[in-house]
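J.: Input: one structure, supplied below.
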Amino acid sequence: MTAAVERKGTAHALIAAMVFHPGAQRLFKGLRKAIAASEPSPPCSGPGNTIWTSEELSERREAEALCVGCPVVTECGQYADTGKEKFGVWGGQDRTPRPGPRRKAQK
């Protein structure tokens, strides 16, 4: 997570700090437009909402639940799929990789 995201603590700051993958810029613009036009505002757009990018699984689960019924959940998920987002909650899904099983040390 970047310092800007930590300071602002909003999904908007996270999106603004992204490096675009091929084809994702068009979807990003559409997502920002949808967020700006949404009534009510998406739950991730308020100040201090860091649960969407939290390192704590329980907080990301809470963020997933808050995405239910979000007016931009489809656009958010499409952007994340195209941009190959690999961390945080996007479009109601936690995209953070899970740690794999630990290997036993060989003797």
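The values are calculated or read from the model by the stated rules, or taken from the named source; none is laboratory data. Everything numeric here is computed off the predicted structure, so don't read it as measured data. We place every Cβ from the backbone using ideal geometry, glycine too, and count neighbours over all the protein chains shown.
Residue by residue, here is whether (1) of a type in the set (Val, Ile, Thr); (2) farther than 26 Å from Glu39 by Cβ; (3) without any contact (Cβ under 8 Å) to a residue 24 or more places away in the chain; (4) outside any loop (DSSP other than H, G, I, E, B) holds:
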site: Glu55; (1), (2), (3), (4): no, yes, yes, no
site: Glu62; (1), (2), (3), (4): no, no, yes, yes
site: Pro71; (1), (2), (3), (4): no, no, no, no
site: Thr74; (1), (2), (3), (4): yes, no, yes, yes
site: Gln78; (1), (2), (3), (4): no, no, no, yes
site: Thr82; (1), (2), (3), (4): yes, no, no, yes
site: Phe87; (1), (2), (3), (4): no, yes, no, no
site: Thr96; (1), (2), (3), (4): yes, yes, no, no
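J.: Taking Ser45, is it surrounded by 15 or more Cβ atoms within 10 Å (Cβ to Cβ), under 21 Å from Gln25 (Cβ atoms) and modelled with pLDDT under 85?
T.: It is true that Ser45 is surrounded by 15 or more Cβ atoms within 10 Å (Cβ to Cβ), under 21 Å from Gln25 (Cβ atoms) and modelled with pLDDT under 85.
This table checks each residue for (1) of a type in the set (S, T, N, Q); (2) in contact with a strand residue (DSSP E or B) (Cβ under 7 Å, 6 or more places away or on another chain); (3) at pLDDT 75 or above.
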residue	(1), (2), (3)
Ile15	no, no, no
Ala36	no, no, yes
Glu39	no, no, yes
Asn49	yes, no, yes
Thr53	yes, no, yes
Gly77	no, yes, yes
Ala80	no, yes, yes
